Every structure is written in C-alpha cells, then in structure tokens.
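Quick notes on the structure that follows.
The values are calculated or read from the model by the stated rules, or taken from the named source; none is laboratory data. Just so it is clear, the structure is predicted and the values come from calculations on it, not from any experiment. Cβ coordinates were reconstructed from backbone atoms using ideal geometry, including for glycine residues, and neighbour counts include every protein chain displayed. Note: areas computed on protein heavy atoms with side chains; ligands, DNA, RNA excluded. Shrake-Rupley method; radii C 1.70, N 1.55, O 1.52, S 1.80 Å.
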Amino acid sequence: MRINPLIKPIYLATAIGLLFSSALLTLACFNSINTQERQFLSETARLKEQVALNIRKAHETLDNITSLFKASEYVDSDEFDALAEDALHRHPVIDSVMFLPHIALEERRAFEAFMQDSGFVTYKIHGNHNGQEKLHYEPEYYFPVKYIIPLTPSHATLIGEDFLSISALAPYIEQAITSGRTIATMIRKSTEEPPQFLMLKALYAGNSSPNSKYSPHELVNGMIIVRVNLNALKKVIQNSNNITIDIHLHPTPKDQPDAQEISVLSSVKQQQSEATEHWKLHSINTEEAIDIGNSQLSINMQKTLSWHDLDITLLTLTLLTGLVITVLLIMTVRSTQARNRELHERNEMIAKQVQEKTRELQQLSQAVESAGESIIISNHEGLIEYVNPAFSKIMGYEAAEVIGQKTSILKSGQHDQAFYTDMWNRILSGDTWSGSLLDQHKNGSFIPTYMSISPIQNEQGKITHFVAIQQDMTELKHAEQKFRQSQKMESIGTLVGGIAHDFNNMMAAILGNIFLAQKNIDQPDIVEEKLANIKAVGDRAADMVKQLLSFARKDMLVMENLDLTALIQNAFDLAQVGIQENIDTSCDITSEPLIIQGDATQLQQIIMNLMNNARDAVEAKKSPYIKVSLDHYHPEAWFLAKYPEAVSRDYGRITVSDNGCGLPKGIMDKVFEPFFTTKAVGKGTGLGLSMVYGSIQTHNGMIEVNSRENISTSFNIYLPIAQQAEVSSPLKNSELETGKGETILLVDDEDYLRETIKEVFSSIGYTVISASNGEEAVGLFRAKASDIDIVILDVVMPVMGGIEAATIIQGLKHDVPFVFMTGYSSQNPLEQQGFRNASLIRKPSDIQLLSREIRDALESTSP
Amino acid sequence: MRNHGGGYTIRSVSAQPTGKTGNLLKMNHKRPITILFALLLGLLSMPVAACAAKCLYISSYHKGYEWNDGIERGMENILHGKCELDRFYMDTKRHREKEYGKEIALQAKAYIEQSSPDILIAADDNASRYLIQPYYKNSPIPVVFCGINYTVKPYGYPYNNATGMLEISPIRPVVKLIKSQFRKIKHGIYLGPDVISQHREFELNRERYASKGIRITPIFVKNMGEWVAGYNKAQQNSDLLIIGNNGGIENWSDKEARKTVLTEQSIFSVTSYDWMNRYAMLAITKVPEEQGEWAAKVAVAVLAGERIKRIPIIANRRWNIFTNTTLLNMGEIKLPRHLMLKAIKVSL
C-alpha cells in the first residue's frame, strides 16, 4: 500500500510518541512498584515498631508491678491500684493487670475471710466455671485473682477465680513458676469466650529467685498477669495500608524443636475476587520477631501488589504526558507541514500577485503609453523623468528632448506669476491642481490644455514626484467656439427684428434731417444742425452695427482686463433689443469700477443667453420684468465653504432675475447639463445654460441659480476681480491724427465709402490715390510705388481681394505698411500672412481710429 | 422529658403516698387530628423506645440531698445514651418512720410494676430494707444496690438477682497515714452524736485502728454543749481526735463549733465526713459519684448480658482528701507532700 507522503511523517511521529509513552509508562510502573515496596518496608518497620512498643509497654508494666511486689513486704490494693491504673492509663494496649496470690489449700478460708473483710463481701476462690463453690479439680494450691485493674463489673467477675483451674493456662503458670521469666501465651477459657493474650510472671518469696536452693514451687508466692488488649493491638495493625499481618506466638524460642506456634492476631484479609487475582502484580512479605521473656512473637507481614495498588495518578499523568508529547509531536509535524504548505501557497500567491501586478503594470503602462492625454512625471525638483507618446504628439517634443528638463520648458508666458504661485501652493500642500492653461508647443505656438497636477508622496508624507495629465483642449476650444458662434447667431436672429426696427427709425431720422437740410440749404446754421443730427443718428447706428458685428465675430478667446460695469451695460443694451417692449427691463450697475480678466464676447453671450431665457420665462406673465444688476461682492462664509476653490477675495456679482415661470425643484441641479431644457420642442436647444456654465468656468467664476416655481428665477454670476489691473483702452484719445503730406493708396470697392474716406483724409493733410479693387491698386502701386507711403485695403473686393493685392504690393515694396479694413468678423488675414507691418480695423470704423492706425503704421516704418 | 436522639429519658417520681402517675397521652375523641399526630409521633419514636433499656433508680432519699445527688451524677455520666433512666425517691431521710418506709416501698413497687424497668438501682439502706428485700429478693428483675453502709448482712445479700457496692468510710487510708506519719499516736477519741449509725461507725474505726495498735474510745454527745465539752476533753486526754457526723446533735452551731476548734484545737484531728472538714485537720471522705458510677456500670454490663450473680459485691474504693490549712498551721503539723498535692485545701 502506498502511503501519502504527507501522512508518512505523522505516522512516524505517532509511532515515536507512542513508543515514548510506553517507555514512560513502564518506568512509572517500576517506580510505582519500587515506591510501594519502599512504603511496605517502611510501613512494616513502623508496624513492627508499634507492635513491639505496645508489647514492650505491657511487658514493662508486668516487670514494674513485679518489682513493686518484690520491693514491698505487703502490697495493699491502694498501691496496686495506683500503679496498675497509671500503666493502664498510659498504655491502652493493656487490657487489665491482675495479682494472683499463691494460696495454699489450708490458707483458703483465711484468705477468703480477709478478702470479704476488705470489702469483697462475697469473695470466694472458685474455678472458672461460673463461680461454683466446688472446684472441678483437686488443687494443691490456688492462684485466685485478688486484685484486678481496672475493676469493671466484667473484670470483677474474675475476682476469686483460680487461674490454675483454667486447664489451658495451667502449663504456662507452671512454666512461669519454674522459669522465673515472663511467659506469653494465648488461651481460650471456653469456646464462648474470645482468646486472651496473657503475659505471666511469677512472684517469689523475699528476694529469692528460682535458682536458689529452694525450688520454685517452694518460693513462689504469687503471679502477676497482664492481659493484652487484642482489640487495641488490632487497631495498631489495622491502620496498615492493605498489609496482611499475622502475629504468632512461640511460647519457647522458635528454633527449639518443640516450639508450638500459636496465632495471636491476624489482620482481616480482604477477599480478593478471581478477577482481582488476575491483576496480581507482585507479592512482598517480611517477618519480624519480638522477644517477650522466654517467648517470641513473630510478625509476618505480607502485601500483594496488584495493578490497583499502583499509583494510578502517576500512571495516568505519565500516560497523559506521553500522549501529550505524542500529540505535540503530531502537532509539530502537522504544523511544520502546514507551514510548508502555507509557505508554498504564499509563494504561489505572491507569484500570482506579481504576475497580476506585472500585467496590471503592463496594462497601466500600455494605458499610459497609449493614452490620448499627455502624462508627465517629474521629480520633486520639477525635472521631467517620464513623458508618454501623447506628450510628444501634443507638445512636439520627443521624450529624449524633455527628460531631465524642467517643466517650465512648457511655459507659454501667458499667465502671470500669481497664477503659477497659486498653482504650486495648491500642489505643494498635497492637493491636486486642475485648471486650464496655455502651454507652449515646441514650435512656439500656444496650446490650450486642461491639466491636472498631483503630488506623489512617500510613506513619510514627503513629496517625491509630480504627475501631470495634460489634455489638449485645442479641438475642444474650436468646438466651443463653434458652439458659441451658433449661440451668437441664434441670438443675432433674435436681434434682427429689433435692429431692423431701430434702423428704420434711424433711417427715417437721417432722411428727415437730410430733407430739412436740403430745404434750408441756404441757412448754414440749420444745415449744420441737421448734419449734426444726421451724424449723431449715424454714430448711433454705427455703434449698433459695431456691437452686433462684435458679438457675431468669430474670434478666439481673448482674456483681457475688462471693466465689467461698461461691459454689462453694453451687453444689457444689446440684449434688450431682442426683448419685447411689454417686458419691464432694468439694469442696476454699481458705480464702482469692477475690473476682471475675461473675454468680452463670452461675457456678452452669457448676458444674452440669460436675458433670452428670462424673456421666454416671463412670456405668460401679466407684469413681466427682467432685472440685471452688477455689484461688488465680498465672499461670505457660506460662499467660501461652498467654493473652496475660490481664489479671490473680491468678486463682481452679476444677477439676472425674472418673475417668470421658475424652475421645478427637482431640476435645479440639472439646468446646466447639456441638452437639458424646460422649453417646448423647437424653442430651445438645451445648450444655452450649459454654454453659460462653461464660460463661467473659463473665467474661474461661479454661477448659482435660485428659483421658485411660478414665482421667480435668478442667476448669480461671480467673477473674480483682477488685482491691480488696468483696463485696456481701445482709444488713447479721440483726436484726428493729421497727415504730413504722405500718400495713401486707398482700395475699396464701395464707391461712396472710398470717396468719403478719400475726401476726409485729403482734408487732413494726406494725398489720396484710390482704386476700386486689388488689381487696379496693384497697377497704381506699380506706377507710383515710390510715392505711396501706405496702402489701405478692403479685404473682400471683386477682381482681386485686398490680401492678394497686398501680397503683391509687399513684393514690390517690402516695407510698405498696410491697414486692412473688413466688415466681416471672421476675417483676420494677418493670422496667416506674414505681413511685416500691417494692422486690421473693422468697418464701420471711426475716422479718428482710422487716422490713428494710419499714423501709427507710418511712424512705425519711418526711419 | 424524652430525648429522641439518645433515647435517654429522665423522669422523676417523688414520693406520692396517694398519687399515681398520669397518662402522658390523654385520649380526646374530639381531636382526631391530635390523635393522628400523636400516633405518628408514637410510631416514629417506637424504634427508639424499643431499643433503649429502662433503668429505674430507687433512691432512699430525696432529690436535693447531697449524697443522693452525687450518686445520681455518677449514674447519669455512665448511663447517658445507654439506658433510659427513671427515678423514684423514697424520701426516707426526711421521713424516718418505719410505716412511711413500708408505705413508700409499696408505692415504689407499684411504680415498678407499672413502668416495668429492665433493671433496678437501689441506693442506700432503706431502699434495700423496705423494697428490695421484701419484694425483689431473687426475683427475675436484676437489682444493683449501692450506698449500703458497712455490710449487706441485714438485707440478706447476696441474692441471685442482686449485686452492688457497699459504702464504707475510708478509715483504712487514714489509719495507714497515721501509722506512717504519726507513729507516736496511741490513743484516739471518736466524737460523734449518740445515734446507732455513729455507734456502728465507731466500731468500724475502733477495729481498723486497733489492727494498727491504736486504741480508740468514744464520746457520744446529744447537743452542742456536750460536743464542745467532748472536743475539749479529747484535746486533753488523747493523741488523736476522730470527728464523727453532726447529724443528730441538737442545736448544732457551726459558729460555736468554729470558735471551739479555733480556740481549743491542739491534737491531730481527722474526719470521714466532708461537711465536717472545717473542723478537722484531715478529712478523707466517701465519693457518692463512685457509688452511682459502679451501680450504673454494673447495670450496663448486666443489660449487655453479664450474669449479675457473677459480679461480686464490692466496697467503695475511692475517696476525697481535704486538708484544713488553718488548723494544720495552728497545730504546726506537716502532712506528706504527695497527700497535700492530692488534697482539696480548705480553711476556716
């Protein structure tokens, strides 16, 4: 049979443990047996000592009383009582002490009379058969009991009993008389009475001894008998621990052939069942001898050891110890196996985890490598350690070019120091900084990005690296621009109706004034007044168109310092054009200048969207109103708690409110989501507020909406106030910049405009040559190139456009300055063309602005 | 009073010439619950009663008499837990008339027949004289007597059913002491009341002392004056004064006796009566407890199966020793040290 290799060590450990247990158990058995034997020997020695001591005490008492009688002429009962009672009191093993005088036949009556006179009034010498008067034998003398102590009623029955009448005792009395030594014997007076252990000693007349010239029978005058209390002796030996004790008496020394052994005492043997016999283990015995005068007491002590006698506690403990060791061995083996198995499993698990982690890292690496966003990892000093391929794609740098370089290599310079300080403060505090910024492409162009920069900290919390995830926002910006443009066009569509109405009114005013001027042509004052009116109306129309064109212009985001008060006022004025007259509109703007950094077009679009929404909301209201307000807002606690990213201490707060239908409660947090609208199908795109939200984010601002359904809605926009900012002023002054005799080549296909401008500039010190298209202009420039100091071109013209013409002209004279004019907001010919000295103004433009541009262009090229 | 735990009951019956013992349980048909309860109690106590032997103590005297009470104390010590002890007091110390003795003996006999004791313990002479000898000699009921003075002959002991202990004054130890310590004493006077028992006491003393070569002569008195005169005479005419009992001396006065002793005492004086130990230098007296203990031990042995006839009649063997330190100091007499150690010391 093949054994599982895992089980094999357990079997081995079990076998070793059991063998060890068996060995321990065997040792414990031997030890227990040895202990028992030692205890037996110790116990038997003690028992022998006890028996010997008790017998010796009885013997001593016998000797003492004998000595008393030897020492006194006469021992009266008081003296006998005192000595005997003292011995009895001290030695419980003595049952009684008797004095038996030797009474000759002829002394009997006198002795009996004496005893009767002494208080034993019924005293008579009698045999041991119930005190019969007549003895059953023919005595030569008597040994009647005279004194017996203790004098109990039972003992009192012995008083007067002649011990020679006890046939079993008579030989021993004889032996005691003849030997003069202590004789010990066991007698049974009758079958009804228990055996008695007696010690006898004869008393002789005077100081004589049996060895004198007189015979013992002549000398003997009494007998002292000590009866041993066998029950007391039994108590001594019954205390023994399972030891069988047999006490035998040898009346004469044992080695003599005629010695007859008499059993004195046997301890009760415990009945051992047959089953118990089977458990017999070992038998031990010992025999001790005690001399009593001429006799010898042998004590045989035996103990049969069986399994029951072994120290069960020791054996159990030994067995348990062995089993515990076995179990410990098995547990150790199992534990070792389990640990090995665990280590194996752990190794496998670690290998698996390593594989998984490797795979994860590979996936992560692949993900990082193939991510669309650029990922830059720099160390704590800002030195780039890693860039992914997307970085190269977005920023134009190969990885090798930027590794080891500072991240500042990407700085566009378009953000002020405060911007970077704020950014780094946030990052170094352990937070992630996220925001939009302009980075510089390898080719020098600016890349709009959205970047998240996170610090990486070690276990001690120290920043070791920075991870930047950079998203190219160029496409998104274009999409946003397109979206905003569409929003603008949507708004423009709304404006057209109102503008047409205003334009009609203004045209009517112009025509009316022209009519009045013509009618009063001969009255220069009236004509001048009417012309002034016409100019005022024209300026107003020009402003309106300019605003419209500015709004509809498809420009890129230009963040610049703006005076929010003027901007909101203009935006309100423009948006108001598209709002029905029955709606009460009001604009409350603080007189305090609030300068922000922002894009004017986007901000106008925000106001336009919010007011258009308000207009739609109040459509069904009886007394509708739309209120726009602007004030200076100092953030309160709730604001800072709600917007921890708030970077400014001062905000311009724009509020657009209405008393329209309001917003249901459940949709408050959805209103800024793209394509979410509460308007009817076809009335809203669902992108208006989304665009507003995006624009506010671009301006690092916040927007909040508060609304009560069917009651009111208000939008609060918070835009951070720029610190120490100066507002860019489009015009430094409003004066005409006069010419110094320079020659202008003016190219425009609009005849009336060309002629007007030619007339104006001719009147302020310039020589003006004009052409109606580019081709004509090129011809003229070829002809008078040396005379022409500056070329003013419309961008869009028939036959040849302004750009093409300018390109040719620049080829003819490379340092000639150009001023382009265009009425289309989408056009910016300077972005693509490498004109060295060119500027762009939008039509219609102020004569003052145009004169300034011409003057600036001429002065910039003059040596 | 019944003690269920030990089966030991002490029930006293005083002399009641016309009295009779009452029922412990009175039948009352109106109270069946009480009867049921009593029966239950009876059933519960039956095994105890069945196995406890009954000993009837017949006292010649009365409860409160010092000698009697000593005997009772001795009996109670031995019988406790072994025998149910009942008592009958003949009260013949206070009623000395023979007729009374006979009458009370009949009552005792009736009580014995009624209570059926297992053994009788008869204390002092009158119990044997009036009750045991006439009615219980050789009867089936065993009798243990005690306290019989000097001899059992007047009552015909021994019987087949009786044994016991005599009450003999401890003269022998006194004589032994005098013989060993006061060898010059040759003549002594016995001073006692002129009553029969004191005559008998004198005879006993005379014999004992005579055996040791000391002559004793008596002075029997009838009253206190004679006792004082006798006392003074003894001081003048003898070497030893043996003071007998004072019972039977008219107008006995302890004060007078004390005064006489303190002023006249000059010779060695002894007595065998412990209540007279104030007036003698040495008193060796009987121990009543010994009588009670022996009688009780014999009763227990007989009840345990010992044949009463085999137990011999014996005399008392124990005594108390009193020494009167005041008188010994006055007479400048030294007693042996071992005697002084054993003695109870009294003074005047």
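Brief remarks on what is shown
- Against the conditions (1) more than 30 Å from A:ALA23 (Cα to Cα); (2) open to solvent by 90 Å² or more (accessible area, probe 1.4 Å), A:ARG334 satisfies every one except (1).
- Filtering segment A:152-171 to residues that are within 14 Å of another protein chain (Cβ to nearest Cβ) and open to solvent by 30 Å² or more (accessible area, probe 1.4 Å) leaves A:THR152, A:SER154.
- In segment A:649-687, the residues that are modelled with pLDDT under 75 and of a type outside the set (D, E, K, R): A:PRO674, A:PHE675, A:PHE676, A:THR677, A:THR678, A:ALA680, A:VAL681, A:GLY682, A:GLY684, A:THR685, A:GLY686, A:LEU687
- B:PRO312, sole failed condition from (1) within 14 Å of another protein chain (Cβ to nearest Cβ); (2) open to solvent by 60 Å² or more (accessible area, probe 1.4 Å); (3) part of a loop (DSSP other than H, G, I, E, B): (2)
- For segment B:316-329, the criterion of being within 14 Å of another protein chain (Cβ to nearest Cβ) and in contact with a Gly (Cβ under 8 Å, 6 or more places away or on another chain) is satisfied by at least one residue.
- Condition met for B:ILE78 (assigned by TED's automatic domain parsing to the domain that holds B:PRO154, β-branched (Val, Ile, Thr) and within 20 Å of B:TYR155 (Cα to Cα)): no
- Residue in segment B:314-333 that is small (Gly, Ala, Ser) and under 18 Å from B:VAL270 (Cβ atoms) present: yes
- If you check A:ASP588, A:ASP573, A:ASP563 for being surrounded by fewer than 16 Cβ atoms within 10 Å (Cβ to Cβ) and at pLDDT 85 or above, only one passes: A:ASP588.
- When the residues of segment A:576-621 are filtered to those that are in contact with a Pro (Cβ under 9 Å, 6 or more places away or on another chain) and of a type in the set (D, E, K, R), the one that is farthest from A:SER712 (Cα to Cα) is A:ASP584.
- Taking segment B:315-342 as the range and being polar (S, T, N, Q) and assigned to a strand (DSSP E or B) as the test, the residues that pass are B:ASN320, B:THR323, B:ASN324.
- Of all the numbered requirements in (1) modelled with pLDDT under 90; (2) more than 14 Å from chain B (Cβ to nearest Cβ); (3) part of a helix (DSSP H, G or I), A:GLN116 misses one, and that requirement is (2).
- Checked against the criterion of being within 14 Å of chain B (Cβ to nearest Cβ) and surrounded by fewer than 16 Cβ atoms within 10 Å (Cβ to Cβ), segment A:47-67 has no qualifying residue.
- Taken over segment A:835-859, residues that are closer than 16 Å to A:GLY765 by Cα, of a type in the set (Val, Ile, Thr) and at pLDDT below 85 amount to 1.
- Pairs are defined by a Cβ separation below 6 Å, a sequence spacing of at least 6 or placement on different chains, a first member in segment A:427-454 that is closer than 16 Å to A:ILE377 by Cβ, and a second member that is open to solvent by 50 Å² or more (accessible area, probe 1.4 Å); the pairs so defined are A:TRP433/A:ARG426; A:SER452/A:THR432; A:SER452/A:SER434; A:SER452/A:ILE469; A:SER454/A:THR432.
- Among the candidates A:GLU174, A:GLU79, A:GLU85, residue that is surrounded by fewer than 22 Cβ atoms within 10 Å (Cβ to Cβ) and closer than 21 Å to A:LEU219 by Cβ: A:GLU174
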